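To start, the structure itself, in structure tokens.
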Amino acid sequence: MTVTRISEFRAQPGQETALCNLINQFLPAIEGSAGCVSCQLLQGQDDPTRIVAVEVWDSVESHKASLQNIPPDVMAQAMLLLAGTPQGEYFVPR
């Protein structure tokens, strides 16, 4: 059974494009990680500061291990563009 990770980010106003571009830089590393089935980045149509990543994994452990593939300097850059702490949760099919 797969698990879906939904992560929500809030960009600082005016930083939406920069945050999306930065996240898109490390998406290939996530998608190439062991256990990744798919990964998609979405931006709110009505609220462009709201950015969501929807990732499907073979396990929670695989998702957590994939975070090691994000360079620390890129993560630090992303944190400067955020309006708050990212939120995320795992979901299973029913």
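So between L42 and L82, what do we pick up on full extension, going 0.36 nm a residue minus the alpha carbon distance? Please report the intermediate quantities before stating the final value.
Working: separation 40, 0.36 × 40 = 14.40 nm, distance 1.55 nm.
Working it through step by step, the gained length comes to 12.8 nm.
Count the net charge of all other residues whose Cβ sits under 10 Å from the Cβ of S7, scoring Lys and Arg as +1 and Asp and Glu as -1.
-2
If we count every other residue with Cβ under 14 angstrom of Y90's Cβ, Lys/Arg +1 and Asp/Glu -1, where does the sum land?
Charge balance in the 14 Å sphere: -2.
In angstroms, what radius of gyration and Dmax does the range 30-70 have, counting Cα atoms only?
Cα-based Rg and Dmax for the range 30-70 come out at 11.9, 34 Å.
Would you check the accessible area of I51, probe 1.4 Å, heavy atoms only, in square angstrom rounded to 10?
Looks like 0 Å² after rounding.
Going out from 0 in 10 Å bins, what whole percent of all Cα-Cα distances in the range 1-42 drops into each bin?
Reading the bins upward from 0: 24, 51, 21, 4.
Given all pairs of different Cα atoms, what value in angstroms does the Kirkwood hydrodynamic radius of the chain take?
Here the Kirkwood hydrodynamic radius works out to 13.5 Å.
At 1.4 Å probe size, put D58, D46 in order of accessible surface, largest to smallest. Don't skip to the answer; put the middle values down first.
Values: D58 85, D46 155 Å².
So the residues, ranked largest to smallest area, are D46, D58.
Ordering E31, E55, E61, E8 by accessible area with a probe of 1.4 Å, largest first, what comes out?
Highest to lowest solvent-accessible surface, that is E61, E31, E8, E55.
Order the following by accessible area, largest value first: R50, R94. Probe radius 1.4 Å; ligands, DNA and RNA are ignored. Mind showing how you got there, number by number?
Values: R50 105, R94 240 Å².
Putting R50, R94 in descending order of accessible area: R94, R50.
The values are calculated or read from the model by the stated rules, or taken from the named source; none is laboratory data. All values derive from a computational prediction rather than experimental measurement. Because the Cβ atoms are built from the backbone with ideal geometry, glycine has one as well, and the counts that use them run over all protein chains shown. We work out accessible area using only protein heavy atoms, side chains counted, and drop any ligands, DNA or RNA first. Shrake-Rupley method; radii C 1.70, N 1.55, O 1.52, S 1.80 Å.
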